[in-house]
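Notes follow once the structure below has been shown.
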Amino acid sequence: MKAVRCKDGKVFVTEVEPPSGDGVRVKVASVGICGSDIHMLAAGFPIAVTLGHEMAGLTPNGTPVAIEPMAPCGHCAYCASGDYNHCELGTQIMYGFARDGGMAEQVLVPERALVPLLPGLSVQDACLVEPLAVAVHGLTRVNLRRSDRVAVIGGGTIGLCAVAVAKIVTDEVCLIARHQAQKSAGERLGARLQPAEMFDLVVDCAGTSESVAQAVSLCKPRGVLLMLATYWHGLEFPGFEFSMKELHVCTANTYSRQGLARDVDIAAALMARNPLIAQCLITHRFALDAAEQAFAVAADRSHGAIKVVLQP
């Protein structure tokens, strides 16, 4: 079967053996290109497996599903408590990084990874369940209230997902984004674009020292800074202003379980409830054979790309 892999910082489509072994063989219908995929390619990370962790498809009986791209052990202390994103196996649990991911015609995953889709959510859009679950997880950790004013810094996929999740709780959401396509998507999702006051919660989805400094400046005294981005490098932190304001800081890593519900199940339900999420975020779709072009488009935000999707 066809699959997308990388070498020397470049992606290519190649022929590989179909997956075999224990698990559910899913026919991939959509797989998103994540910013982390682009970053790792640019940094020359050695990835020996098929790429793609934002994925959805059809089970052998035709059931449409999204996929939670993890295979935790299920029995360590973290897994037992529901915090399986901290499984003692570490990064070995992640599809698209240490295990063959979804940029292929088929992917083999454990049954626990399947996320059933509610009516109204197309499997062609359901690759967005994974990044939306990142925002669900982060905003759950800060106990967002209806009276809170929220600012989101960064208008990429995670930033726009944070806007969509925050809008469920509060009407006061402001998006600070660089590119016009991101700003337009944020407005369609209900955010305003000009910060006019300080905020109870500021969500950093940009992941730079500059964005963290801006987040601290926008937080009101005793406000909350949610660090939802992936921080690939060291940070310079505005320690004086942070401490003088008595700010709280919260970090978030991927997704896990909230009581009886997984973050991915909540995300899938939110997408079914709000079709604008997919309409606003998915800007480009490519066939699997066009993976090299798709990655080039995804890396060039100035030309309007937000979420670029491959459809095997």
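Return yes or no: is Asp200 over 14 Å from Ile158 (Cα atoms), among the charged types (D, E, K, R) and either in contact with a Phe, Trp or Tyr (Cβ under 8 Å, 6 or more places away or on another chain) or buried (at least 17 other Cβ atoms within 10 Å of the Cβ) (or both)?
So Asp200 passes the test.
Only one of Gly239, Gly304 is over 21 Å from the mean Cα position of the chain (by Cα), modelled with pLDDT under 95 and small (Gly, Ala, Ser); which?
Numbers: Gly304 fails: over 21 Å from the mean Cα position of the chain (by Cα).
Result: Gly239 is the single residue among Gly239, Gly304 that is over 21 Å from the mean Cα position of the chain (by Cα), modelled with pLDDT under 95 and small (Gly, Ala, Ser).
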- Item | Residues of the range 278-295 that turn out to be surrounded by fewer than 17 Cβ atoms within 10 Å (Cβ to Cβ) and more than 19 Å from the chain's Cα centre (by Cα), as a count | 5
- Item | Unmet criterion (only one of (1) closer than 29 Å to Val65 by Cα; (2) touching a helix residue (DSSP H, G or I) at 6+ places or on another chain (Cβ under 8 Å); (3) not β-branched (Val, Ile, Thr)) for Asp265 | (2)
- Scanning the range 40-89 residue by residue, those hydrophobic (A, V, I, L, M, F, W, C) and out of contact with any strand residue (DSSP E or B) (no Cβ under 7 Å at 6 or more places or on another chain) turn out to be Met40, Ala42, Ala43, Phe45, Ala48, Cys73, Cys76, Ala77, Cys79, Ala80, Cys87, Leu89
- Task: Would you check if there is a residue in the range 290-307 being in a loop (DSSP other than H, G, I, E, B), out of contact with any strand residue (DSSP E or B) (no Cβ under 6 Å at 6 or more places or on another chain) and more than 28 Å from Met103 (Cβ to Cβ)?
- Result: no
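Within the range 64-88, which residues are part of a helix (DSSP H, G or I) and surrounded by fewer than 13 Cβ atoms within 10 Å (Cβ to Cβ)?
Let us first name the residues in the range 64-88 that are part of a helix (DSSP H, G or I), namely 77-81, 84-86.
The answer is Ala77, Ala80, Ser81.
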- Item | Subset tally (residues that are more than 10 Å from Ser256 (Cα to Cα) and touching a Cys at 6+ places or on another chain (Cβ under 7 Å)) for the range 79-90 | 3
- Is the range 166-181 home to any residue that is outside the structural domain of His284 (by TED's automatic domain parsing), within 17 Å of Asn274 (Cα to Cα), crowded, with 24+ Cβ neighbours inside 10 Å and touching a residue at least 60 places away in the same chain (Cβ under 8 Å)? no
- Note on the structure: Just one listed residue, out of Ile47, Ile38, is assigned to a helix (DSSP H, G or I), hydrophobic (A, V, I, L, M, F, W, C) and within 30 Å of Gly159 (Cβ to Cβ), and it is Ile38
- Starting from residues that are touching a residue at least 40 places away in the same chain (Cβ under 8 Å) and over 22 Å from Thr140 (Cα atoms), keep the ones in the range 195-236 and report whichever is farthest from the chain's Cα centre (by Cα). Glu197
- Residues satisfying the stated conditions in the range 214-230, i.e. buried (at least 17 other Cβ atoms within 10 Å of the Cβ) and touching a Pro at 6+ places or on another chain (Cβ under 8 Å): Val216, Leu218
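The values are calculated or read from the model by the stated rules, or taken from the named source; none is laboratory data. Here the structure is a predicted model, which is why all the values come from computation and not from measurement. In this analysis, Cβ positions are derived from the backbone assuming ideal geometry, glycine residues included, and neighbour counts consider all displayed protein chains.
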